[in-house]
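One structure below.
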Amino acid sequence: MPGHAENNHRQRDEAGRYRPERFDFLLVSDTHLGSKEQQITHLRAAYAEARSRNCQFAVHAGDLTEFDRMHNGSAYGCFRHGHDEVLDYVVDSYPRSGLTTYLISGNHDHSGYNYSGTNIVRHICEYRDDFTYLGMAEGVLQIFGKQIFIYHGRGGGTYSNRLLNAHKYALDLRLNPDMLIAGHLHQLCEMSKNGCKMVLAPCLQGQTLHFKESRLVPWIGWAIVHVTPTYTWCEAIQVDEIKEDYP
């Protein structure tokens with residue numbers, strides 16, 4: 001308790017809370033809810049596991065939703081259409097576990113913004129008190145004395161280059177993150193540079209037509225991230241695609 005001698009050695013975080021000796025959080029990304037390839041059963045399993053393992057919070061690294069205007073023909077890959085249908089589906093269907101989820105928006109989320117000027121992820125967060133919106137395409141999470149830079153991006157490239165370029169971008173922004181999380185590529189990759197743990201987050205969407213045409217197989221799953229004062233590591237859980245996992 002505050003004032004007790006056994007707490008004298010413990011540091012406090014930005015909110016004045018004692019920093020834990022270790023904390024764990026759930027990492028998900030690229031859920032593309034509204035897509036016919038969504039993996040909402042696995043998303044629910046990820047949150048159930050995080051809750052059972054006493055994770056303190058969750059991070060979502062962008063592309064929460066799938067919009068039918070992303071590419072020509074995108075509408076045929078969606079089972080929800082337009083801003084209102086997608087918003088209602090995500091608000092009602094995204095798992096409620098008691099964990100706060102910190103989110104950024106990604107390029108698929110922005111496809112609706114490009115047509116209407118409405119940021120659907122920010123709008124969804126207004127209806128979910130367990131969501132905290134961090135920004136468009138990127139965000140910074142300061143928690144328990146650690147700085148986590150979350151970035152989505154767009155385009156292709158190798159996994160390692162995506163992480164290295166994102167790290168350089170963070171430094172250009174005059175950030176010095178303890179951890180960097182990147183979404184978008186639907187693959188898992190881990191690296192470290194100058195004391196920064198970098199993770200390319202796996203996805204929770206199956207193999208789309210675009211992936212088939214590009215001869216790409218998504219890494220479907222999630223990660224439990226373990227953070228101590230001196231070391232951060234990811235425990236990745238890979239799962240098989242569930243076909244037609246939508247209403």
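The values are calculated or read from the model by the stated rules, or taken from the named source; none is laboratory data. Predicted model only: the values in this text are computed from it and were never measured. No Cβ is skipped: glycine too gets one built from the backbone with ideal geometry, and neighbour counts run over all protein chains shown. With ligands, DNA and RNA removed, areas are computed over all heavy atoms of the protein, side chains included. Shrake-Rupley method; radii C 1.70, N 1.55, O 1.52, S 1.80 Å.
Rundown of residues vs (1) assigned to a helix (DSSP H, G or I); (2) over 16 Å from F131 (Cβ atoms); (3) among the hydroxyl-bearing types (S, T, Y), yes/no style:
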residue	(1), (2), (3)
L27	no, no, no
H42	yes, yes, no
E49	yes, yes, no
N54	no, yes, no
A58	no, no, no
D63	no, no, no
F67	no, yes, no
key: Residue identified as assigned to a helix (DSSP H, G or I), among the acidic types (D, E) and over 20 Å from G183 (Cα atoms) among D129, D109, D84   = D84
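For the structure I just gave you, tell me whether S74 is modelled with pLDDT under 95, crowded, with 17+ Cβ neighbours inside 10 Å, within 23 Å of E244 (Cα to Cα) and out of contact with any helix residue (DSSP H, G or I) (no Cβ under 6 Å at 6 or more places or on another chain). Outline the logic, then answer.
Values: modelled with pLDDT under 95: yes; crowded, with 17+ Cβ neighbours inside 10 Å: yes; within 23 Å of E244 (Cα to Cα): yes; out of contact with any helix residue (DSSP H, G or I) (no Cβ under 6 Å at 6 or more places or on another chain): yes.
Yes, satisfied.
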request  = Could you grab the pairs with beta carbons closer than 6 Å, sequence gap of 6+ or different chains, first residue in segment 30-58 and at positive phi, second one among the basic types (K, R) and open to solvent by 10 Å² or more (accessible area, probe 1.4 Å)?
outcome  = G34/R80
inquiry  = Which condition from (1) open to solvent by 50 Å² or more (accessible area, probe 1.4 Å); (2) in a loop (DSSP other than H, G, I, E, B); (3) of a type in the set (K, R) is the one that R122 breaks?
reply    = (2)
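In the set L103, L99, L141, which member is in a loop (DSSP other than H, G, I, E, B), hydrophobic (A, V, I, L, M, F, W, C) and in contact (Cβ under 8 Å) with a residue 40 or more places away in the chain?
Working: L103 fails: in a loop (DSSP other than H, G, I, E, B); L141 fails: in a loop (DSSP other than H, G, I, E, B).
Step by step, each of L103, L99, L141 is checked, and only L99 is in a loop (DSSP other than H, G, I, E, B), hydrophobic (A, V, I, L, M, F, W, C) and in contact (Cβ under 8 Å) with a residue 40 or more places away in the chain.
Does R162 qualify as being of a type outside the set (A, V, I, L, M, F, W, C) and open to solvent by 50 Å² or more (accessible area, probe 1.4 Å)?
On the way: of a type outside the set (A, V, I, L, M, F, W, C): yes; open to solvent by 50 Å² or more (accessible area, probe 1.4 Å): no.
So R162 does not fit the description; no.
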